[in-house]
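Note sheet for the following structure.
Each reported figure results from applying straightforward, stated rules to the coordinates on display, with no laboratory input. All values derive from a computational prediction rather than experimental measurement. Here the Cβ positions follow ideal geometry from the backbone for every residue, glycine too, while neighbour counts run over all protein chains shown.
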Amino acid sequence: MERHAGLPQRLKESILGPQGKTDAALRRAIEARAEELAGGPPADVAAIPDNLRETVDTVSRHAYRITDEDVQALLRAGYSENDLFEIFAAASVGAGMERLERGLAALKGERR
């Protein structure tokens, strides 16, 4: 596990860094919300537009429930496919990383 210690942080930085098409602050807010839904600290959702919140919550908790209709509605709302990729990736990383941290803590006998 030690040889992979830096990989999660590098993944997170690549998704949340400044090089994306969507605003980095939006991606960080989405990541924080997803982290919260996975058991992390409370997040400020003010930066997440109302028309994205439900989708972010669904991706974070039950990604398999996102339908073609959900995606089409966001496309009609003005988001591009690239935007949606970055939004979904930020939500996935937030939820996944929090679950990873909780799992690693549990293996050590700790609580998060």
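Most mobile of 99, 76, 33 per a Gaussian network model of the chain (Cα springs, under 10 Å)?
Result for the chain, Cα springs under 10 Å: 76 fluctuates most.
Let me check against my output: what whole-number percent is the relative contact order of the chain, with C-alpha pairs under 8 Å and at least 6 apart?
34
With r as the distance between the Cβ atoms of residue 23 and residue 67 and R0 = 30 Å, compute the FRET efficiency 1/(1 + (r/R0)^6) and round to 0.05.
0.70
Only one of the listed values, [x] 1.16; [y] 1.10; [z] 1.00, was derived from the coordinates as Cα Rg over 2.2 N^0.38 Å; which label is it?
Read-out taken from this structure: [y].
Taking the Cβ of residue 66 as the centre, find all other residues whose Cβ is under 12 Å away and add up their charges (Lys, Arg: +1; Asp, Glu: -1).
Net charge in that neighbourhood comes out at -3.
Given labels modelled 7 Å from the Cα in the Cβ direction, how far is it in nm from residue 77 to residue 44?
Calculated label separation equals 2.2 nm.
Helix 50-62: angle to the longest alpha-carbon principal axis of the chain, degrees 0 to 90, nearest 10?
Helix 50-62 sits at roughly 40 degrees to that axis.
Expressed as an acute angle from 0 to 90° and rounded to the nearest 10, what is the orientation of the C-alpha long axis of helix 24-37 relative to the principal long axis of the chain?
Rounded to the nearest ten degrees, it is 60.
Give me the net charge of residue 42's neighbourhood, meaning all other residues with Cβ under 11 Å from the Cβ of residue 42; Lys, Arg count +1, Asp, Glu -1.
Taking every Cβ under 11 Å from that of residue 42, the sum is -2.
Could you state the angle between the C-alpha long axis of helix 81-107 and the longest principal axis of the C-alpha atoms of the chain, as a value from 0 to 90 degrees rounded to the nearest 10?
Around 20 degrees separate the two axes.
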